[in-house]
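The values are calculated or read from the model by the stated rules, or taken from the named source; none is laboratory data. Since this is a predicted model, take the numbers as computed values, not measurements. In this analysis, Cβ positions are derived from the backbone assuming ideal geometry, glycine residues included, and neighbour counts consider all displayed protein chains.
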Amino acid sequence: MLVAPSILSADFGNLAKDVKAICNAGCDLVHVDVMDGHFVPNLTIGPVVVEAVANVATKPLDIHLMVEDNNFFVDLFAPLKPEYISFHIESERHANRLANKIKSLGIKPAIVLNPHTSISSLEYIIEDLDMVLLMSVNPGFGGQKFISAVAEKASRLKELILRKNPECLIEVDGGVSNKNIDILQSAGVDIVVAGSYVYKHPNGVKEAIESLK
């Protein structure tokens, strides 16, 4: 299991320290939640702060856009050369075009599905993707409870991936902990995003990451 701690749960007054901590503790990706206050009811960070994160991170960035104007934000963050840029299918009319644009920039494209969005929406785009991110909470805020039905959704997504694009990875974000990691692994999930669980773990970020792996 690959682990991508979300810096949304980090201490933004000590952001460099908290980013270095997860990298030193063995995370695989640094998950960055970008929210515009329109697609979701929260505002987070822009490219100036993310550039500072990139400068101290020793692991690749995994940028998750929760925005209405995806093209605009892809252009903002592409110069930072993250490993992945993911965008919500619910906010994008031309998903294939945007996925191919991200790929042309040397970045792996990913699509995000909210908990209520059907896997069938990916039927004709899955071959253009390097990853699918399934939200296991409604996006906007950290610390929410895991929606258990997403494990079954991941299993159905795995079937589609094996049929059409076996190289595509599955990532799950929201309420992930050592209580549900086994069921996610059994469902075929490759990467988990964990914010509160990692940064608020009583024994520190290293033990939190190791428990998920």
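Take residue 177 and tell me if it is in a helix (DSSP H, G or I) and either polar (S, T, N, Q) or out of contact with any Gly (no Cβ under 9 Å at 6 or more places or on another chain) (or both). Spelling it out, it is not the case that residue 177 is in a helix (DSSP H, G or I) and either polar (S, T, N, Q) or out of contact with any Gly (no Cβ under 9 Å at 6 or more places or on another chain) (or both).
The listed residues are 159, 152, and the only one of them that is without any contact (Cβ under 8 Å) to a residue 24 or more places away in the chain, more than 18 Å from residue 213 (Cβ to Cβ) and of a type in the set (D, E, K, R) turns out to be 159.
With respect to the conditions (1) within 25 Å of residue 109 (Cα to Cα); (2) part of a loop (DSSP other than H, G, I, E, B), residue 157 lacks only one, and its number is (2). Selection of first residues in the stretch 45-71 that are touching a residue at least 12 places away in the same chain (Cβ under 8 Å) and of second residues that are surrounded by 15 or more Cβ atoms within 10 Å (Cβ to Cβ) and hydroxyl-bearing (Ser, Thr, Tyr), restricted to Cβ pairs under 6 Å at least 6 apart or on distinct chains, gives the following pairs, ordered by first then second residue: 62/84; 64/86; 68/91. Among the residues of this structure, residue 185 does not count as one that is within 19 Å of the chain's Cα centre (by Cα), polar (S, T, N, Q) and closer than 19 Å to residue 112 by Cβ.
Taking the stretch 80-106 as the range and being out of contact with any helix residue (DSSP H, G or I) (no Cβ under 8 Å at 6 or more places or on another chain), over 25 Å from residue 3 (Cβ atoms) and not hydroxyl-bearing (Ser, Thr, Tyr) as the test, the residues that pass are 90, 93, 94, 97. All told, residue 65 meets the bar of being more than 25 Å from residue 201 (Cα to Cα) and either of a type in the set (D, E, K, R) or in contact with an Asp or Glu (Cβ under 9 Å, 6 or more places away or on another chain) (or both). Residue count for the stretch 88-129, restricted to those that are among the small types (Gly, Ala, Ser) and surrounded by 21 or more Cβ atoms within 10 Å (Cβ to Cβ): 3.
Inspect all residues belonging to the stretch 197-207 and state whether any of them is of a type in the set (Gly, Ala, Ser) and within 22 Å of residue 95 (Cβ to Cβ). Checked against the condition, which is being of a type in the set (Gly, Ala, Ser) and within 22 Å of residue 95 (Cβ to Cβ), the stretch 197-207 yields no hits at all.
Is there a residue in the stretch 186-203 that is closer than 21 Å to residue 86 by Cβ, aliphatic (A, V, I, L, M) and free of Cβ contacts under 8 Å to residues at least 60 places away in the same chain? So far as the stretch 186-203 goes, yes, one or more of its residues are closer than 21 Å to residue 86 by Cβ, aliphatic (A, V, I, L, M) and free of Cβ contacts under 8 Å to residues at least 60 places away in the same chain.
Conditions (1) hydroxyl-bearing (Ser, Thr, Tyr); (2) closer than 18 Å to residue 80 by Cα; (3) modelled with pLDDT of 95 or more, marked per residue:
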| position | (1), (2), (3) |
| --- | --- |
| 17 | no, no, yes |
| 30 | no, yes, yes |
| 42 | no, no, no |
| 60 | no, yes, yes |
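Is it fair to say residue 120 is assigned to a helix (DSSP H, G or I) and free of Cβ contacts under 8 Å to residues at least 12 places away in the same chain? Yes; evaluated as a whole, the condition is true for this residue. Comparison of 73, 87 shows that the only residue that is in a helix (DSSP H, G or I) and either under 17 Å from the mean Cα position of the chain (by Cα) or at pLDDT below 95 (or both) is 73.
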